[in-house]
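The values are calculated or read from the model by the stated rules, or taken from the named source; none is laboratory data. Here the structure is a predicted model, which is why all the values come from computation and not from measurement. Heads up, the Cβs are rebuilt from the backbone with ideal geometry, glycines too, and the neighbour counts pull from every protein chain shown. Each accessible area value is taken on the protein alone, full model and side chains, heavy atoms only, with ligands, DNA and RNA left out. Shrake-Rupley method; radii C 1.70, N 1.55, O 1.52, S 1.80 Å.
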Amino acid sequence: MKLSLVLALSLLASPALADWQQTLQAARGQTVYWNAWGGDARTNAFIAWVGDQTEARYGVRVEQAKLSDTAEAVTRVISEKAAGQDEGGSVDLIWLNGPNFLAMKDQGLLHGPFVADLPNARYLDLAPGSAASVDFTVPVDGMESPWRLARFVFTYDSARVAEPPRSMAAFVDWAAANPGRVTHPDPSNFMGATFLKQALIELTPDASVLQDPATEATFDAATAPLWDWYDALRPNLWRGGETYPANESVQQQLLNDGEVDIAMSFDPASAAAAIADGLLPDSARVFVPEGGSIGNISFVAIPYNAANAEGAEVVANFLLDPATQAHMQNIEVLGSFSVLDPARLDEAAKAAFAALPSAPALPTLADLGPTLLEPHASWMTRLTEEWTRRYVK
């Protein structure tokens, strides 16, 4: 018997592969309802492409339930559990992060662990403490699967701004010299909350406390410099800090309209993509604070009562295929950086990434500098509550 045939038969005999074949068979014909933020046209188009691919390859359709807030899907699962609907749920897959993941994990609302069962998980670094194994400091424990890398970045118009602020502390002096030319999304939106977290990490006396759940004592001590900073910044914000754009898309429009000079995003490719789509001038560029910026991985999770859990696992696995990740990282498609460990890729996959096109407004990983860890999810919740108490009249 030829060696290749022996190898093939041995692979088919492996329990893990046999289990995955059963998953593929059960998934065929299923429609996966992927609940995902619907505010970005390129992301929506990528999800549609994923559905086309999984249907053609595996007979698994994908329907995107476009959310304005991930909490909408979480609330739906909570309601179904309260009603005793422990199977046949309406949500199959959720783009999940941070507080929403913590809430679902704590309440037993997640299917799994399933990540280790995905064949393409072999391309991930899942060592304890790695970026793919924690979500806002909370261990993932195989309950959600990575799919795209996010980094907090600022966008500015280089035709109007010669030198943007290079630290969060420097925003105060920059805004004073350029009153009304900078703002941030309302902190009720995750982008506005991230702006506050980025400043908190830089300004707090001991950033290590942010990796633990916030308490009354640690929160007050850690955030005192933040509120002093913000009190100095706010009077020179756009419209005197009396109103804020609802989200990053609105702020990007303000930048394009020339009302402000700086915007922000959790996608390093967003400026290059917006230029290509005619939504920002060619002079738009990206910068990050000199000490680095907050980064995290976007995950997908499967609710405990998902009607099509097998199909959802097939989609999660397809998202981790090196060819899928390279397609996603293409600036002409989505431009989101890959979550895969380069050391685990073969030469063909490495070559595919190396051949991807670039753009003047697209930073490299080296340009982005150090990745700062997300604080524990409880910090974001308390930050937004305290900001509202202090500044919303």
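Taking amide hydrogens as placed 1.01 Å from N in the peptide plane, the amide H of ASN35 sits under 5 Å from those of ALA65, ASP92, LEU93, ILE94, TRP95, each at least 5 positions away in sequence or on another chain.
Taking 56 Å as R0, compute the FRET efficiency from the Cβ-Cβ separation of THR381 and ASP282 and round it to 0.05.
It comes out at approximately 0.90.
For HIS376, HIS111, the ranking by accessible surface with the largest value first comes to HIS111, HIS376, using a 1.4 Å probe. The GluC sites (Glu not before Pro) of the range 306-352 that DSSP puts in a loop, and whose beta carbon has at most 13 other beta carbons within 10 Å, are GLU332.
Viscosity 1.567 mPa s, temperature 4 °C: what is the translational diffusion coefficient of the chain from Stokes-Einstein with a Kirkwood Rh over Cα pairs, rounded to a whole number of µm²/s? Provide the component values of the computation, followed by the final result.
Working: Rh = 22.2 Å.
Estimated via Stokes-Einstein, D reaches 58 µm²/s.
A Förster radius of 25 Å, combined with the Cβ-Cβ distance separating ALA232 from GLN211, puts the computed FRET efficiency at roughly 0.40. Ranking PRO268, LEU17, ILE297 by Cα position along the charge dipole of the chain, where only Lys, Arg, Asp and Glu carry charges on their C-beta atoms, puts LEU17 farthest toward the positive end. Along the Cα→Cβ direction, 7 angstrom out, place labels at ALA56 and ALA26. What is the inter-label distance in nm? According to this spin-label approximation, the distance is 2.8 nm. Directionally averaged projected area (the range 14-59, Cα convex hull): 3.9 nm². Spin-label model, ASP141/ALA177: points 7 Å from Cα along the beta carbon direction are separated by 5.0 nm. With a cut-off of 15 Å between beta carbons, the residues surrounding ALA26 carry a summed charge of -4, where Lys and Arg count +1 and Asp and Glu -1. Convex hull volume of the C-alpha atoms in the range 117-258, normalised per residue: 155 Å³.
So, with +1 on the Cβ of K and R and -1 on the Cβ of D and E, and no other charges, what is the size of the charge dipole of the range 198-293 about its Cα centre, to the nearest 20 debye?
180 debye
One chain, two ends: SER188 and ALA224. Fully extended at 0.36 nm per residue, the span grows by 10.9 nm beyond their Cα-Cα distance. A straight Cα-to-Cα reach below 26 Å connects LYS393 with the lysines LYS197, residues fewer than 8 places away in its own chain not being considered. Each listed q (0.11, 0.19, 0.26 Å⁻¹) maps to a log10 I(q)/I(0) for the range 258-340, found by the Debye formula over equal Cα scatterers with no solvent: -0.45, -0.96, -1.27. In this rough spin-label picture, where each label sits 7 Å from Cα along the Cβ direction, the GLU87-ALA343 distance is 4.3 nm.
Using heavy-atom solvent-accessible surface (probe 1.4 Å) with all chains present, what is the largest-first order of PHE353, PHE190, PHE299? Mind showing how you got there, number by number?
Numbers: PHE353 40, PHE190 85, PHE299 0 Å².
Largest accessible area first, the list is PHE190, PHE353, PHE299.
Residues LYS66, LYS393, LYS105, LYS197, sorted by accessible area with the largest first, give LYS393, LYS66, LYS105, LYS197 [1.4 Å probe; ligands and nucleic acids excluded]. On full extension, the segment bounded by ALA127 and GLU332 gains 70.6 nm, given 0.36 nm per residue less the C-alpha separation.
Entry note, the chain: relative contact order of 26 percent, from Cα contacts under 8 Å with a spacing of 6+ residues. Accessible area of THR137 (1.4 Å probe, protein heavy atoms only, ligands and nucleic acids ignored): about 40 Å².
Using the Karplus relation 6.51 cos²θ - 1.76 cosθ + 1.60 with θ = phi - 60°, the per-residue 3J(HN,Hα) values for the range 138-149 come to 8, x, 6, 6, x, 8, 8, 10, x, 9, 8, 9 Hz, with x marking Gly and Pro. Out of every Cα-Cα pair that the range 237-393 contains, those further apart than 21 angstrom amount to 61 percent.
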